[in-house]
Amino acid sequence: MGVGILGAGPVTQAIHLPSLARLGDILTVRHIMDVDPAVAESVAARVGATHSTSIDALLGDPDVEIVAICSPHQFHAEQVIAACRAGKKAVLCEKPFAMNAEEAALISAVSAETGVPIIVGAMHTFDPGWLAASENWDDLPETAHTIRSSIVLPPNARFEDFATEIITRPAGGAPDYTDAEVIKGALRGGVMGLAIHDLPLIRRFTPDFKDVEVLEARHVRPFGYVISLRTPTRTIELRAAMNNTWKPEWSFEAFSDDAALRIDFTPSYVQAGSAVATFTRGSRTTVHGPFEHNGYEGEWRELAALAAGKQPPAAQTLIDDLTFALDIADATVANVESQHAVAEGAHA
Ligand SMILES: NC(=O)c1ccc[n+]([C@@H]2O[C@H](COP(=O)([O-])OP(=O)(O)OC[C@H]3O[C@@H](n4cnc5c(N)ncnc54)[C@H](O)[C@@H]3O)[C@@H](O)[C@H]2O)c1
């Protein structure tokens, strides 16, 4: 099936094109669109695809059956909707697929009306290590009391350099961490950009996810967070540090009174097999993985299956995942605001 990609920045170049290169028996990149003509032309040339700078040109291309949206966040909702309305067979949208609950509801309605399945690039949910764990974790999602997502990564650019030749990397300035607005923006970005990879996993273990409360939230320099959450029945810890440490680590853990699950994921950008899941109950430990491919390839395989007619997942799952992330991002920012107000009061 023919693939068209909207937005050809580092994620397209370093993640999706290498994944698609291994799936040539089922998927072929036909069209690359980017608002920067030099990027569109150069990235398309690498894969022998057509290039353009207009979304209409890509959506009007009959060779494009599957559309991937890899533009910056703020364009995701309108581009997903346009791809559905163009009658494509399936859509992959990089995370987050919307920036608020209204956009998410609109996307879901358009997907239902047009019958075009959508998946979000939360790659861990497509990782064979996670999927194998889900078939073997018994009642842990119902009985877990503590859940932890822990991420230690170098900045994205370090992976991009290893991955391929990247053109058009955005230049980042040094943020002013004395400005409370900068801290709030960094925390919101951390939740919606990084934690969001694991929030669908955490939600799976949190039946009362609608009652989530942020107990404490801190920004970690240069980029990261420590966020403590609770629901009536669960304790949740989110930790991330993006700095110059090596080696990277990305783990998801869930604990009940008598069982524990730990999943070690490969870092973003890295295509080196799947996550490894370790499940322990009493004195018995079972290990699943590593399998041959990771969640990036997994999401493309799923997309091809959906385009070929496989039953799509419930749209409500995507909405619930996004609402959970937005609730945590809002509560995190509110927590920082109240810390700031207390500090100001003490100062006065
Ligand atoms: N799944 C992952 O592991 C992962 C990792 C990093 C980023 N992401 C997500 O992937 C997306 C893209 O990330 P990136 O780092 O490549 O972003 P980027 O902003 O660096 O690059 C995006 C590209 O889109 C182009 N663009 C800008 N406006 C556009 C528009 N209206 N239509 C089409 N193209 C447009 C830009 O010219 C640029 O080439 C983001 O949503 C991000 O959250 C996913």
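The values are calculated or read from the model by the stated rules, or taken from the named source; none is laboratory data. Keep in mind that this is a model prediction, so the values were computed, not measured. Backbone-built Cβ (ideal geometry, glycine too); neighbour counts: all protein chains shown.
Points worth noting:
- Taken together, the criteria exclude Phe255 from residues that are within 15 Å of the ligand (Cβ to nearest atom) and either modelled with pLDDT of 95 or more or basic (Lys, Arg) (or both).
- Qualifying residue in region 75-95 (condition: closer than 27 Å to Leu326 by Cα, out of contact with any Cys (no Cβ under 7 Å at 6 or more places or on another chain), more than 12 Å from the ligand (Cβ to nearest atom) and not aliphatic (A, V, I, L, M)): yes
- Conditions (1) within 16 Å of the ligand (Cβ to nearest atom); (2) part of a helix (DSSP H, G or I); number of the one not met by Leu131: (1)
- In region 196-210, residue surrounded by the most Cβ atoms within 10 Å (Cβ to Cβ) [restricted to those that are in contact with a Pro (Cβ under 9 Å, 6 or more places away or on another chain) and touching a residue at least 40 places away in the same chain (Cβ under 8 Å)]: Phe205
- For region 310-335, the set of residues classified as within 30 Å of Pro18 (Cα to Cα), small (Gly, Ala, Ser) and modelled with pLDDT of 95 or more consists of Ala325 only.
- Candidate set from region 11-44 (those that are within 14 Å of the ligand (Cβ to nearest atom) and part of a loop (DSSP other than H, G, I, E, B)); member that is surrounded by the most Cβ atoms within 10 Å (Cβ to Cβ): Asp34
- Residue match in region 182-204 (condition: more than 16 Å from the ligand (Cβ to nearest atom), at pLDDT 95 or above and part of a loop (DSSP other than H, G, I, E, B)): no
- Qualifying residue in region 1-9 (condition: over 25 Å from Asp127 (Cβ atoms), crowded, with 18+ Cβ neighbours inside 10 Å and within 9 Å of the ligand (Cβ to nearest atom)): no
- Residue within region 267-275 that is among the β-branched types (Val, Ile, Thr) and within 16 Å of the ligand (Cβ to nearest atom) present: yes
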